[in-house]
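Every number in this text was worked out from the coordinates using simple rules, so none of it is lab data. Keep in mind that what you see is a predicted model, and the values were worked out from it rather than measured. Cβ atoms come from the backbone with ideal geometry, glycine included; neighbour counts cover every protein chain shown.
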Amino acid sequence: MVGWGVPRNTGRVYAYLLLATEPASLDRLSAELGMAKSGASVAARQLVGFGMARAIGQRGSRRTLYEALHSIEGIFAARNARAGELLARLRQGARAAPPGIGRQRLADMADTMDELIREMPAMIQRIRDRRRS
């Protein structure tokens with residue numbers, strides 16, 4: 001996953017969570033993967049931020065368990081929420097930029113991002129439909 005810009009330890013934690021049969025604590029991640037608890041914490045929080053895992057609070061405890069999202073649809077849904085933030089920043093930048101090539105680039109990027117966000121659910125549905133056939 002390093003080639004995708006995901007830090008090595010984050011990729012290791014994600015692989016572990018994908019293969020795990022139940023959510024894991026930071027203590028367990030740290031022990032099983034031979035990494036510092038702080039490193040496991042950073043990796044787990046990155047995965048949550050990327051939309052690749054979810055944090056599960058435990059009632060009556062400050063301890064958090066982590067679970068990989070196994071659904072590509074779920075990962076894309078989480079990423080689409082973040083993509084909406086990027087879209088808003090691109091639109092804002094295009095409005096604020098002086099006329100010229102820079103403004104046009106930002107507007108084009110925003111238009112493409114907008115189209116991707118709108119098309120993603122239909123694309124996922126088409127894939128589901130093909131697999132059911």
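Below are the figures for this structure:
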item	result
FRET efficiency for residue 58 and residue 97, using Cβ-Cβ distance with R0 set to 41 Å, rounded to 0.05	0.30
Residue 38/residue 71 FRET efficiency (R0 30 Å; Cβ-Cβ; nearest 0.05)	0.55
At R0 = 25 Å, FRET efficiency that the Cβ-Cβ distance of residue 127 and residue 82 yields, to 0.05	0.75
Value of D in µm² per second that Stokes-Einstein yields for segment 2-68, Kirkwood Rh from Cα pairs, at 25 °C (0.890 mPa s)	209
Local net charge near residue 2, Cβ-Cβ under 13 Å (Lys/Arg +1, Asp/Glu -1)	+2
Label corresponding to semi-axes √(5λ) of the Cα gyration tensor in Å when calculated from the structure given, among (1) 25, 18, 11; (2) 34, 20, 13; (3) 20, 16, 14	(2)
Distant-in-sequence amide H partners of residue 64 (H built 1.01 Å from N, under 5 Å)	26
